[in-house]
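Here is the structure we will look at, set down as structure tokens.
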Amino acid sequence: MMISSRRPLLLLIVCWTLLLSLTNAQRPVFELHGSGAAAPCVSLLMDLLMDRSASPLRLTYRTIDNATAAQSEYRDSVVNGAAGVIGNAGGVIDNDDSSTAASTTTTATARAINVDFGAGHSPLNKYYFDELKSMNKQVLHFPHVLSAVGLYHSIADFGTTDNGSRLNLTACLMAQIFSRNITSWKDAAILKENPLLATTMNDNADIVVVRANGASPVTQGLTQYLRLSCPAHWSADRVGDTIDWPTGVVNCATDMTTCLNQHTNAIGFSHVLISPGTGSLTAASAFNNIQEVPLPNKEGRYHTSQQAQQLGGLEAAITVGGDDTSTIPTSAQDSFAAVNLIYQSGPDTWPIVLMNYVYVAADFSHIHNPKGQGLLLAFLQALYELPYVYHCQTLLDLTPVPAHVRDLGLQGIQQLKDSHPNAQPWEWERVGDDDQYYPAGDFVLSERRQSFAHQQLFQLSSDVAVLKSKESAGSQSGGSGDASGGGGGGASSDETTNAAITALKDQVTTLQGDNDALHTLVTSLLNRVVQLETNGAVGPSPTPNNANFNLQPIDISVLDDDTAIAAASALPQYDENAESQLQSALTLASMSFTFWAIYFVW
């Protein structure tokens, strides 16, 4: 009788254990992995999606320095689908080359590829695109932002606002410098455009030319610009993503900011934003000797990339000089290999513009989970969601594509949705839109969900944007000119520009002082903790000191947006594996408890 009276209790224990086991069951982690050339906007958007989802997400992007190798890897992943292996194709292929097949190479041991999408500053080359299409493996392009390629120098104390100087170079002078026909900053042709160099340049006036490493669309853009703007000094055989550079040109194996800082009197070319985590050349120029060289566009007007961006000069390469109907395809399913945004017409058009792409295979059935397929579609949607791509504009100095290109991308997303009807969508919760309000739950990407690190990062970005707009307002009043005047140096001497830059430096000094004060305060508090422990007021703990807590003064003068992103990414992250292990342990403990309870009571 006693045993039977305990059976309801045992039944309750069993039910409770099963419920606890179900509650502690591991939540699925939805993954998405990309690979390709440097794509900082893609990395930022993936980080934002992980931040704004209550459902566990793991999104990664693998950067490959060589653009040709990046496209080759993506081609292999599409050809082989979910069981993709690398080593099936290789070779250097020009972006528009449809007649020459890639040389085939085979690795000793095939390695699995985990790539859901590709990305880069250039579209999938014509050969790969046509090859995949002939195999019934359609690839869609999603152009989303525009970036500028700029020219920069590190001549000491020249080009700063303090002495009113600015380096003026015609297109033909640039071509002669990069071809090593002009090797001294005191060359008569350079001094004609820059007479101040005669007095400010020291005895060592040798020009150090720095180039990008490996195959790069940046090299393609610069060499094409030099060929179009000065054919007399730049031959057609020196146009491409990789060329035979003259003897003496320095290969920059790291990033352009580092290379220019390592070489005095150097000149090099790069994106306004360079490799992720290394910082913006625009930001670096405020605190180093790195200065941007204004470039003449097709109309003979000189701008810096930042000035052109403020004037709409990047999108003008499409909407003004690019002829909408002939340059940009009409469908995301078309090849974009013929798109050319170099040396387009327009008074404010930047002469070297690159479009940033994401490419996705039309068949992504290798992602088996319907919600995982929906996550890929949500990621593509984020490329065109203004609250998301806005951060690529403010943090990374990138320009969103014009409206008709955006519409093309959105139509491509709809095509993918139609061809994958089982893909389950994720919801979007947008701030300020009452119709898009959802309870806090799974499968919702909410702008209301935001980490503290991102909040602070976006606030700093907003403050920097205000300062940039003030600087741009001053520089535009005298920062451009015709070919004969070479820009005249008006932007450098403008009083408004000087005031904006001075205010920026003052703010940095204030922030540095605040940082030092905070460091002193924290150190004082730690010392107080030591005193309390010594007096027995608190329990023992490891001796707090600067080494334990890594409290080192931060040199704010070298910080920029990319460094802030890298610092935020370095913060301790949520460990899903640890949670999974804890849940498994709880489940086993519950099952063990139930077993022994039944064993002893029954």
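Each reported figure results from applying straightforward, stated rules to the coordinates on display, with no laboratory input. Because the structure is a prediction, the values reported are computed rather than measured. Positions of Cβ are generated from backbone atoms using ideal geometry, with glycine treated the same way; all protein chains shown enter the neighbour counts.
Please give me the summed charge of the neighbours of GLY118: other residues whose Cβ is under 10 Å from its Cβ, Lys and Arg +1, Asp and Glu -1.
-1
Any idea what the relative contact order of the range 215-270 is, in percent, if you count C-alpha pairs under 8 Å spaced at least 6 apart?
Taking the mean separation of contacting Cα pairs over the length of the range 215-270, I get 33 percent.
Using a simple spin-label model with points 7 Å from Cα along the Cα→Cβ vector, what separation in nm is obtained for SER462 and MET135?
4.8 nm
Mind putting together the pair-distance distribution for the range 370-430? All Cα pairs, 10 Å bins, whole percent per bin, short to long.
The calculated distribution, bin by bin, is 21, 47, 28, 4.
One quarter of the convex hull surface, Cα atoms only: what value does that give for the range 289-404 in nm²?
9.3 nm²
Holding the Cα-Cα limit at 30 Å, pick out from LYS137/LYS298; LYS126/LYS371; LYS133/LYS371; LYS133/LYS298 the pairs that are longer than that.
Listed pairs above 30 Å: LYS137/LYS298; LYS126/LYS371; LYS133/LYS298.
Which whole-number value in Å³ per residue fits the convex hull of the alpha carbons of the range 129-221?
143 Å³
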